[in-house]
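Contents: one structure, followed by commentary.
The values are calculated or read from the model by the stated rules, or taken from the named source; none is laboratory data. These numbers come from a predicted model, not from an experiment. We place every Cβ from the backbone using ideal geometry, glycine too, and count neighbours over all the protein chains shown.
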Amino acid sequence: MKFIDTHSHLYSEQFDNDRSKVINEAIADGVETILLPNISSRYTQGMLALCSEFPDNCYPMMGLHPCDVTEQNYDIEISHVEEELAKGNYIGIGEIGLDLHWDKTTLDIQKKAFIHQINLAKEYKLPIAIHVRDSFNEAIEIIEELNDDNLRGVFHCFTGDINDAERIIKLNDFYLGIGGVLTFKNSGLDRTITDINIQHLILETDAPYLAPMPNRGKRNESKYIIDIAKKLAEIYNLTLKDIADITTDNAKSIFKI
């Protein structure tokens, strides 16, 4: 069985002491492909170094995270995104989106960065990895307005209800990123996705965050994608291999890998 972790930040500081070990363990467990969305220019060098170390397993995206955009750094950070994309080394644009959990005062500049990067995705015909926290309606309204045949992507760390899921599915080439929250006892996500065709789902960890049960509260790793897949197999009454095959095909379809 082969799995794709479609969203992982293994280049982050939390893995400085054992990064190679963590990746090799994931590969040994069948997680042979790991997609790395960027956060800001501060992380680009480390992300690319990791992809050079594991060229057959790790693939980079380029983007500016909504929590890292400010009025002061906007021009510098967006220029960095544009310069990197022009090199043609990236499989997607992310992590981009909106976050109203930590700071509602930056919504206008977050929207500006989000829209700019969506337009870059359309220009380069690359998928987008969308961060949405306490801002689903604001984010999907932007996508609905800008959506066309050149836009595709994933709503990363989907935790919405069935109505949210249906709005995403109606966009056509957009998927729901399912992570560790699926395994949390009171999340309700397991009940939501029972009404969603598995062809609309891809797997992700968001490592080092949101580790699934039984490792909730600990540092997340790409190898824990298996625990998410097991829960998905239980919900859909499918084998683990079925889950691996379907979600891997879905991920390959969106990211063209």
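Structural remarks
- Across region 123-139, the qualifying residues are those that are within 18 Å of the chain's Cα centre (by Cα) and in a helix (DSSP H, G or I), and the one among them that is farthest from I193 (Cα to Cα) is A139.
- Taking region 1-27 as the range and being out of contact with any helix residue (DSSP H, G or I) (no Cβ under 8 Å at 6 or more places or on another chain) and in a helix (DSSP H, G or I) as the test, the residues that pass are E13, Q14, K21, N24, I27.
- Positions within region 40-78 being among the hydrophobic types (A, V, I, L, M, F, W, C), closer than 20 Å to D206 by Cα and out of contact with any Pro (no Cβ under 7 Å at 6 or more places or on another chain), in sequence order: A49, L50, F54, C58, M62, L64, C67, V69
- Any hit, region 184-194, residues being over 13 Å from G94 (Cβ atoms) and within 13 Å of the chain's Cα centre (by Cα): no
- Subset of region 75-114 (residues that are at pLDDT 95 or above and among the aromatic types (F, W, Y)): Y90, F114
- Residue in region 15-34 that is basic (K, R) and closer than 30 Å to V69 by Cβ present: yes
- Single residue of Y43, Y11 found to be in contact with a His (Cβ under 9 Å, 6 or more places away or on another chain), modelled with pLDDT of 95 or more and either surrounded by fewer than 17 Cβ atoms within 10 Å (Cβ to Cβ) or not β-branched (V, I, T) (or both): Y43
- Taking region 78-126 as the range and being β-branched (V, I, T) and buried (at least 17 other Cβ atoms within 10 Å of the Cβ) as the test, the residues that pass are I78, V81, I91, I93, I96, T106, I118.
- The conditions of being of a type in the set (A, V, I, L, M, F, W, C), more than 16 Å from the chain's Cα centre (by Cα), surrounded by 15 or more Cβ atoms within 10 Å (Cβ to Cβ) and farther than 26 Å from A113 by Cβ are not met by I142.
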